[in-house]
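Everything on this sheet refers to the single structure shown next.
All of the numbers you see were taken from the coordinates with simple rules; none came from a lab. Worth saying up front: this structure is predicted, and the values here are computed from it rather than measured. Quick reminder, even Gly has a Cβ in these numbers, built from the backbone with ideal geometry, and neighbours come from all protein chains shown.
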Amino acid sequence: MTINGEAYIVGAFEHPTRKAPDKSLAQLHAECAAGAIADAGISKDDIDGYFCGGDSPGGVSSMADYMNLNLRHMDSTDAGGCSPLAHVSHAAQAIAAGKCNVALVTLAGRPRSEGLAIGTTPRLRDPLQPDAQFEFPMSLTTANGYAMVAARHMHEFGTTSEQLAWIKVAASHHAQHNPNAVLPKVVTVEDVVNSPIVASPLHRLDCCVISDGGGALIVTKPEIAKSLNRPLVKILGSGEAIKHQSGGYFDLTFSAAAAAGKAAFAEAGVTPADIKYASIYDSFTITVLVQIEDLGFCEKGKGGAFVADGNLISGVGKFPFNTDGGGLCNNHPANRGGMTKVIEAVRQLRGEAHPKVQVANCDIALAHGTGLQLGARHGGATLIMERE
Amino acid sequence: MAMINDRALTAPTPNPETEVFFEAAEDGTLLIGRCLTTGKAFFFPRALSPFTLTDNVEWVEASGRGTIYTFSHMARAPEPFVIAYVELEEGPKMLTNIVDCDAETLKIGMAVNLVFKPSEDGPPIPMFTPA
């Protein structure tokens, strides 16, 4: 079975808030759902499949109750920030199998209001996870795990901090056009490399923002998609992978994107050269660099040269990415950037991105997410979509 | 200079599968797993081989010698530390800290030796220091 052509994204909504001390988490999920439902032009009661990850309070059942959904299919796959991309794929699979007709995917969080210093404080997700007793005393944090990937990439390939900085610079060029962006100011390579080191070799401006908010998507079958008055964004292919320590034998210079991307391209029947726009997960600058290589947009080890000199800036370079400003400058709700990656790809395919960053003739787009810890064990999920 | 001093370490919670590892740590020994089917050592240790998913495994004492595969200096942490992956002489890489060192002198590929550091009310933690 393939999902190629079996499902369409008809609703996409990014919550405009970036700080929501006055809202509950369930409320944020529901407001996102309502936004996507309105965008699609459907009714809440059309939804018969619901997909959410570990950021949903109480999981599928509590959120279905809160939103009063009548479901016949559900999925709460969780692999951190890439989960929404997996959810869209799983929704397409469920639709193709006849398990649901209209799927809702939500993501929301309020780490900014809750004051979570997620990047630099060790967090024990589950004391029973088998690695915890060996790793937690070492103080693996989000930032230093990704930093170790950067250090190794620099060691093997000569990648520089200045090259990584270009990724933030490009994101900031896009964020200046986004009125909701947390960091709308254009930054320079010097700004990035002169910002304080958070976890060597990563600087403060190599990191994404911490923001409240969320987003939602509506996925449905072709007959329903074609009955709605929205541009048609068809799902061509998807891929998923988990990369981990493999018993202690691993190479930190590549990510789960290598396997997930390969599967997605095969299913979609397209190649990296066909992709007009890409949303690339950007928890840190190094995340972008590694994924660009792994997805086949450039050779392994050549990512530093590829991202430099504005190549990622829409209208300037050859590889426009994260035209909403990405997690690096715009929004990283729930500390999970997967939802906003899909949403901006949908905007680009619809021609609804900001005119200053809209990619001309954007017919095929890719979104890729990385979830959890690039430096230890993480998920990767890729989606390839086409404007029909 | 960026000297790395001892810091408070959260104690691990050994379980029936791993208590042998932490008992050995009390004696200054780093145990790793070895798959008897493939002959390969593995880390972190576990009851089932990550290569065959059978219990045809044994505990072996690591030499305590390795090299730094990668590291990150957390200079702005309340108690600065260096997190690292060390590639053990036996093959597998393990997540650890580099201690008793000047963080500014560390390099990937540098030889390191095992040293145990006390945790708060728990077993000692295997870490490494430049050889």
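Among A:Glu156, A:Glu162, which is within 14 Å of another protein chain (Cβ to nearest Cβ), surrounded by fewer than 24 Cβ atoms within 10 Å (Cβ to Cβ), of a type in the set (D, E, K, R) and part of a helix (DSSP H, G or I)? Walk me through it before giving the result.
Numbers: A:Glu162 fails: within 14 Å of another protein chain (Cβ to nearest Cβ).
Within the list A:Glu156, A:Glu162, the selection yields A:Glu156.
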Practice prompt. Could you please find all residues in segment A:123-153 being more than 7 Å from chain B (Cβ to nearest Cβ), crowded, with 24+ Cβ neighbours inside 10 Å and within 17 Å of A:Gly248 (Cα to Cα)?
Written response: A:Gly145, A:Val149
Worksheet item: For segment A:165-206, how many residues meet the condition of being small (Gly, Ala, Ser), within 14 Å of another protein chain (Cβ to nearest Cβ) and crowded, with 21+ Cβ neighbours inside 10 Å?
Response: 2
Worksheet, complete the sentence: For segment A:6-45 the number of residues that are assigned to a loop (DSSP other than H, G, I, E, B) and either in contact with a Pro (Cβ under 6 Å, 6 or more places away or on another chain) or surrounded by 15 or more Cβ atoms within 10 Å (Cβ to Cβ) (or both) is 8
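Quick one: is A:Ala345 more than 19 Å from the chain's Cα centre (by Cα) and aliphatic (A, V, I, L, M)?
Values: more than 19 Å from the chain's Cα centre (by Cα): no; aliphatic (A, V, I, L, M): yes.
No; evaluated as a whole, the condition is false for this residue.
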Discussion item. Here is a check on your reading of the model: is A:Glu190 of a type in the set (D, E, K, R), at negative phi and within 16 Å of the chain's Cα centre (by Cα)?
Written reply: no
Worksheet item: What are the pairs, 6+ residues apart or on separate chains, where a residue within segment B:84-104 that is more than 7 Å from chain A (Cβ to nearest Cβ) has its Cβ under 6 Å from a residue that is in a loop (DSSP other than H, G, I, E, B) and buried (at least 24 other Cβ atoms within 10 Å of the Cβ)?
Response: none
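Does at least one position in segment B:41-48 carry a residue that is more than 9 Å from every other protein chain (Cβ to nearest Cβ) and either basic (Lys, Arg) or touching a strand residue (DSSP E or B) at 6+ places or on another chain (Cβ under 6 Å) (or both)? Even if it seems obvious, please write down each step before you answer.
Residues of segment B:41-48 more than 9 Å from every other protein chain (Cβ to nearest Cβ): B:47-48.
With the extra rule that they be either basic (Lys, Arg) or touching a strand residue (DSSP E or B) at 6+ places or on another chain (Cβ under 6 Å) (or both), the set shrinks to none.
No: zero hits.
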Worksheet item: Would you pick out the residues in segment B:61-76 that are touching a residue at least 60 places away in the same chain (Cβ under 8 Å) and in a loop (DSSP other than H, G, I, E, B)?
Response: B:Ala75
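For every residue, the table says whether it meets (1) among the polar types (S, T, N, Q); (2) touching a residue at least 40 places away in the same chain (Cβ under 8 Å); (3) surrounded by fewer than 24 Cβ atoms within 10 Å (Cβ to Cβ); (4) part of a helix (DSSP H, G or I).
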position: A:Ala259; (1), (2), (3), (4): no, yes, yes, yes
position: A:Ala263; (1), (2), (3), (4): no, yes, yes, yes
position: A:Val270; (1), (2), (3), (4): no, yes, yes, no
position: A:Ser279; (1), (2), (3), (4): yes, yes, no, no
position: A:Leu289; (1), (2), (3), (4): no, yes, no, yes
position: A:Lys300; (1), (2), (3), (4): no, yes, yes, no
position: A:Phe306; (1), (2), (3), (4): no, no, yes, yes
